[in-house]
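The values are calculated or read from the model by the stated rules, or taken from the named source; none is laboratory data. Keep in mind that this is a model prediction, so the values were computed, not measured. Methodologically, a virtual Cβ is constructed for each residue, glycine included, from the backbone with ideal geometry; neighbour enumeration extends over all protein chains shown.
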Amino acid sequence: MRSPLERYIKKRFRDFDGFSVWAVLITVFIGIPTIFIAVKIFEGPGESWYHIAEYLLPKYIGNSLYLAGLCTVLSVLFGVLSAWFSVRYEFYGRRMLEWLLILPLAIPSYITAYAYAGIFDYGGSLNLLLGWFSLDIGRIDLMNINGLAFILSISLYPYVYVACRAFFLHRSQSLIDASKVLGKGELQHFFKLILPMARPAMVGGVILILMEVLNDYGAAKYYGVNTFTTGIFKSWFGYREPETAVYLAALLLVIIFGLILIEQKQRGARKFAVQGESGRQLQRLKSSTAKKISITTVVALPAFLGFVAPVIQLVYWAAISYVKIDWPSLLQVVLQSLGIAAFAAFSCVLTAMSLLLAKTWNRLEWVNQMSKIGILGYAIPGAVIAVGVYMPSLYFDKWLIGIVGKTFSLKINLLLTGTVIALIYAYVVRFLAVAFNPIAASRENIQLGLIQASQSLGKGAFSTFLKIELPLLKPALLGAFILVFIDVMKELPLTLILKPYDVQTLAIEAYQFASDERVIEAAMPSLLIIATGVLPVVFLNRLVSRN
Amino acid sequence: MLLTINHLYKSFNREKVQAVYDTSLQLEAGKTYAFLGESGSGKTTLARLIAGLERPDRGEIYLNERLISSESYHLPAEKRAIGFVFQHYALFPHLTIAKNIEYGISARPDKRKVVEDMLSLISLEGYGKRYPHEISGGQQQRIALARALAPKPRLILLDEPFSNLDSNLRQELRTEVFTILQKTGVGAIFITHNSEDAMAISDEIAVFKDGRLVQKATPEELYEHPVSPYVAGFFDTLIEMPPSLLSSFGYQVNQHKLYLIRNHDFHFNGFKEFSTDATVISSSRVGRNYLIDVKVGEHVLQVSSEEKPDQSEISISWRERDLLVFPKPDQPV
Amino acid sequence: MKYITLIISCLVMLGSCKSPQEKTEDNPVDQVVNVYTHRHYDVDQQLFEKFEEETGIQVNVVNANADELIQKMEAEGQESPADVLITVDAGRLARAKEKELLQSVSSEFLNSTVPSHLKDEDNHWFALTKRARIIVYAKDRVQPEELSTYEALTEAQWRGKVVIRSSSNIYNQSLLASIIANDGEDSARTWVAGVVQNMARVPKGNDRDQVKAVAAGEGDLAVVNTYYLGRMANSEDAAEVEASSKVGIYFPNQNGRGAHINISGAGVAKYSPNKENAIRFIEYLASKPAQEVFAEANYEYPIHPEVPPTELLQSWGDFKEDQLPLSKLGEYNKLANLIFDAGNWP
């Protein structure tokens, strides 16, 4: 007779095959930094924890919550309204605004923060502009927590906009018609139908925004707002206790996951399937000129605030600091940035695809559950991931040096640490979820029938994947590539810590100028980041609209 | 008159598609109607015009003698009190069954009771707390009906209400919906492409083709005296009888007419008014009847019959009153 | 097409990311010096290139915040490729020494050139440039006679008039550390409480923003570093030039210990693989020609006794420096942080 343990193990491992090994390997490979950090948590915080908990945390948590709350409200307002209007109404410049509304994503939020400081500054662009009309509105002070919430909202609302727009585009007209014949007007359609239905899409966007808000350091620091992340940096660099920093980061993670859980629980039974409805697409409403103008204004506002205004300010700065620009070296930075971002995005998409396949083809539920660790990286602050990558790669290098030294009496150098490989690896860890989620979602939409048809025609899983799934997934893969590409172009803290010698990215170039109080000179690299982000975003939007 | 439609026009795509063309129609209160037509015949557009979901290009619609649509006036859909059951039901996925039914009457104080009444009317008591994705297709259909009935509309439009259901459920639900509508006494219009549905459920049928009303009559009238092959074709499979074939039966042909016979109006070996010799090529059983391919001269006819001829050389015949005669389509009417 | 672009960009990247380690392996004759620096100035790049020309030693640069560089060196330990660490703050150099990341250097030239209070007592690091943290005042509202010391910023007459950066700013941390070192912990606490009470606004922005705030009338006094004033006076942005013209410069504590100064400086890494080159590199940066370049370019005060500062700085006049050994700034940095937090200095 077998023991229960034996039976349990037997059951758990009965279907353990090559795919399971593959899934486990990828998960472990991607999970190393997360696991490394998780282990650190159990070591507890350092001694400065008590000081931080007593003097700083209550304030920092308060600020972070306030910021998170206000950003949620503002970005939902900007994102949902513009998405709804752009899908539902005909107005001036609609086609252009549709993609202009996404572009704020191409600007790192700390750069938007600097640009706005320049606009509202003493003797800033706004005063200059109003001065021409002999107007003086005094000085609007944006550098406070409300101003910060505004900055973060206008630079991050596209996450909500994109999610909601995609959702609205797939709604069928008959829902609106049904509401109409039941006696409801346009406002009621929006508040009673569209808004509640769009909740999952909205929440998805808001969670991404919250993670960015809670991870933000640059903008908050410049605007003099101390947030939870300030605490992380302070305990790391001010009190020199990385363990406390990691502990705080872990707390942050717990808070984020707590929020997600609460939301999911609250949604409860209402988990309705969000799928394309049958029936005709939403009709676009035509309206009077006056109404068209006001809709255009409402829709153009976020795009103007989040993209046009900061870009104008940066162009102005770039123009006045033009002579100082060292073009040859800047060009090299551009090429390096593009190369790194493209390579990282490619690796990320490749890893996401392998993880997805390993998950689908392996038959063990617990392996699939475990593989979720792989996509946790997006919720972890970049600086913390950097440590999680840096330390293990260093251990590995030291171990390798020891082995080689003993066995071959050779002295070799660090193999991974401080190289492009470690940097790319860290990007993959951090941004895997960005690539994984759209690909997984798109793959779910492929009809099972197609795959089964292919299999019944004698093609194996892999060959079905190559011949049927891959061509169908192409738009999603490209989309994922572009999203990661843009994220890597903007990435700062992780790059700062892990980048190798004589590799310079545009984000770092801009940051170094800005942190050295040469904001004006930071304008050119910032504009280049934006330029490299804008083209893919436009392309991505065409991809989304076409489907 | 419950509903009066005068010379209604509606086009889409900058007048490239004439969805509704010069349509006039009068519907009486308390009766059940069916709009019958192929897809693209304009029947759904007409229904949407009646509901106020579209605006006509020209013409008027009156509800209870009151103007609700014209070229210059449009009473919004939400003010018309006309119920609409959509083809895919359009149940709001984020609301419970009860909330779906309550949606159109949310301002009324007795809404709870109405919801309860509606649920019992459609025999789905106790389903109020469920969500649309948790119930079956037939149940969703009835919920959609209840939702449309809850505000007590003067008229209810049902767009292809049974098209998503398999044939067993279809008949069952047809009866049920009919009973429910009878109980409430509301005027109803079924929009359908299925003649069987139309005949089973309506007092009068309006047949549409290419945006025009072709014929409006009771089911019997429509069956007995269809005005065009299109109308007749809805109910039966028709066999066109070209002049050469007709003359082999000994029938005097008018060159300007089109002759058709329903495929089950042929008889074997019996004596009927017009008959000729034929050869049986093949036969197969389809349900209660046989489909039999017979050769008459150069022509092969597929006729339907309850019995199968026991030899291959037979005589085949038909009666004059079963011959459907229409003007030729290319001739002026 | 997309794939071609992708491949090309990857190739470009791989081509441009040459690894210095490989270089040394392939060709051991090649001389290099690996520099971890917080300084990010064009003038540095020029000097590095000049050094390469003169010595044939290739300079590899890692640019990052000092905190991160120290973290990096600490993690790399014996395998660290770093030869030289450059920071813009003595506190960080002192911390690097404390963590045993630097080594003692015996250089006749450096010992004689760098004043003793501007270098580490064990010769672990040496200043390259210096700057003072001073008080600026609104010329139209404040007379310089009303000003005296950092400590005087806590006086009641400045209630709601002092503009100053947040406590996470390293220059403020070093300033507080110097107060702890000079006057003791209790005085430091009193000073923090007093300044917090007198703040015109919640601390925010960078040094330039503090000057602009005074020019805009948000406050009357601000505490800033000298070289930012120099840069503002010569800015491409007309508003900055105007703002800097509205404020006057005051060197505090001239009758006492002198104005608080800080440095940017360099040290040789403990596990430096190219120690000789590292020393030559630092000696070069402290040499007269390099110091002249520093002085001209960045509105910093040179440390070489024979090199005068720029004209603008000369026009501000000479001043008395606090002679406190700068290693104290590192020593008291953590305590300064604690006192800031306890005193609710945001």
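Here are a few things to note about the model shown:
- Only one entry in C:N253, C:N262 is buried (at least 18 other Cβ atoms within 10 Å of the Cβ), away from chain A (no Cβ under 14 Å), under 15 Å from the mean Cα position of the chain (by Cα) and outside any helix (DSSP H, G or I), namely C:N262.
- Looking only at region B:315-327, residues that are of a type in the set (D, E, K, R) and surrounded by 13 or more Cβ atoms within 10 Å (Cβ to Cβ) come to 2 in all.
- Candidates in region B:62-82 are the residues that are touching a helix residue (DSSP H, G or I) at 6+ places or on another chain (Cβ under 6 Å) and closer than 22 Å to B:F12 by Cβ; of these, the one that is farthest from the other protein chains (Cβ to nearest Cβ) is B:I82.
- Residues of region A:202-229 that turn out to be farther than 18 Å from A:G69 by Cα and assigned to a helix (DSSP H, G or I), as a count: 3
- Of all residues in region B:292-333, those satisfying the criterion of being free of Cβ contacts under 8 Å to residues at least 40 places away in the same chain and aliphatic (A, V, I, L, M) are B:I292, B:V294, B:V300, B:V333.
- Tally of residues being farther than 19 Å from A:V434 by Cα, away from chain C (no Cβ under 14 Å) and surrounded by 20 or more Cβ atoms within 10 Å (Cβ to Cβ) across region A:321-376: 2
- Residue ID - farthest from the other protein chains (Cβ to nearest Cβ), chosen from residues in region A:41-65 that are among the hydroxyl-bearing types (S, T, Y) and crowded, with 16+ Cβ neighbours inside 10 Å: A:S64
- Only one entry in B:F234, B:F268, B:F190 is buried (at least 16 other Cβ atoms within 10 Å of the Cβ) and within 30 Å of B:D310 (Cβ to Cβ), namely B:F268.
- Residues that are more than 9 Å from chain C (Cβ to nearest Cβ), assigned to a loop (DSSP other than H, G, I, E, B) and without any contact (Cβ under 8 Å) to a residue 12 or more places away in the chain, drawn from region A:106-146: A:F133, A:S134, A:L135, A:D136, A:I137, A:G138
- Residue in region B:221-233 that is free of Cβ contacts under 8 Å to residues at least 12 places away in the same chain, part of a helix (DSSP H, G or I) and under 16 Å from the mean Cα position of the chain (by Cα) present: yes
- Out of A:K467, A:K474, one residue alone is assigned to a helix (DSSP H, G or I), farther than 26 Å from A:Y217 by Cα and touching a residue at least 12 places away in the same chain (Cβ under 8 Å). It is A:K467.
- Of the residues in region A:497-504, at least one is at positive phi and either part of a loop (DSSP other than H, G, I, E, B) or crowded, with 21+ Cβ neighbours inside 10 Å (or both).
- Pairs where the first residue, in region A:76-88, is touching a residue at least 60 places away in the same chain (Cβ under 8 Å) and buried (at least 22 other Cβ atoms within 10 Å of the Cβ) and the second is basic (K, R) and assigned to a helix (DSSP H, G or I), C-beta under 7 Å, 6+ apart: A:A83/A:R165; A:S86/A:R94; A:S86/A:R165
- Scan of region A:150-161 for residues that are of a type outside the set (F, W, Y) and either closer than 18 Å to A:Q281 by Cβ or surrounded by fewer than 24 Cβ atoms within 10 Å (Cβ to Cβ) (or both), ordered by number: none
- Restricting region A:472-488 to residues that are more than 20 Å from A:A379 (Cα to Cα) and of a type in the set (A, V, I, L, M), the residue that is farthest from the other protein chains (Cβ to nearest Cβ) is A:L472.
- Single residue of region B:254-284 satisfying the filter (over 33 Å from the mean Cα position of the chain (by Cα) and over 16 Å from B:V300 (Cα atoms)) that is modelled with the highest pLDDT: B:F274
- Any hit, region C:308-322, residues being within 24 Å of C:I70 (Cα to Cα) and aromatic (F, W, Y): no
- Residues of region A:417-444 satisfying the condition of being closer than 19 Å to A:I468 by Cα and either within 14 Å of chain C (Cβ to nearest Cβ) or of a type in the set (G, A, S) (or both): A:A440, A:A441, A:S442
- At least 2 residues being of a type in the set (S, T, N, Q) is the threshold, and among the helices (runs of 4 or more DSSP H) wholly inside region C:206-248 those reaching it are C:238-245.
- Residue identified as in contact (Cβ under 8 Å) with a residue 12 or more places away in the chain, part of a helix (DSSP H, G or I), more than 29 Å from A:L432 (Cα to Cα) and touching a Ser or Thr at 6+ places or on another chain (Cβ under 8 Å) among A:V311, A:V315, A:V299: A:V299
- Looking across region C:39-85, the residues that are outside any helix (DSSP H, G or I), of a type in the set (A, V, I, L, M, F, W, C), closer than 25 Å to A:A383 by Cα and modelled with pLDDT of 85 or more come down to C:V61, C:A82, C:V84, C:L85.
- Answer from A:F19, A:F42 - the residue that is in contact (Cβ under 8 Å) with a residue 40 or more places away in the chain, farther than 25 Å from A:K490 by Cβ and not aliphatic (A, V, I, L, M): A:F19
- A:R88 being at pLDDT below 95, over 21 Å from A:A514 (Cα atoms), in contact with a strand residue (DSSP E or B) (Cβ under 9 Å, 6 or more places away or on another chain) and not acidic (D, E): yes
Matching residues to (1) within 30 Å of C:E100 (Cα to Cα); (2) surrounded by fewer than 23 Cβ atoms within 10 Å (Cβ to Cβ); (3) away from chain A (no Cβ under 14 Å):
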| site | (1), (2), (3) |
| --- | --- |
| C:N123 | yes, yes, yes |
| C:A152 | no, yes, yes |
| C:E155 | no, yes, yes |
| C:Y171 | yes, yes, no |
| C:W191 | no, yes, yes |
| C:G194 | no, yes, yes |
| C:V202 | no, yes, no |
| C:A216 | no, yes, no |
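- When C:D207 is tested against (1) away from chain A (no Cβ under 14 Å); (2) under 30 Å from A:N226 (Cβ atoms), only condition (1) is not met.
- Contact map, region C:73-84: first residue within 16 Å of C:K275 (Cα to Cα) and more than 8 Å from every other protein chain (Cβ to nearest Cβ), second residue in a loop (DSSP other than H, G, I, E, B) and of a type in the set (S, T, Y), Cβ cut-off under 6 Å, separation 6 or more or different chains; pairs are C:M73/C:S80; C:Q78/C:Y271; C:S80/C:Y271; C:D83/C:S272.
- Only residues that are under 30 Å from C:V214 (Cβ atoms) and not charged (D, E, K, R) were counted in region C:235-282, giving 25.
- Hey, C:Y36 within 11 Å of another protein chain (Cβ to nearest Cβ) and modelled with pLDDT of 80 or more or not: yes
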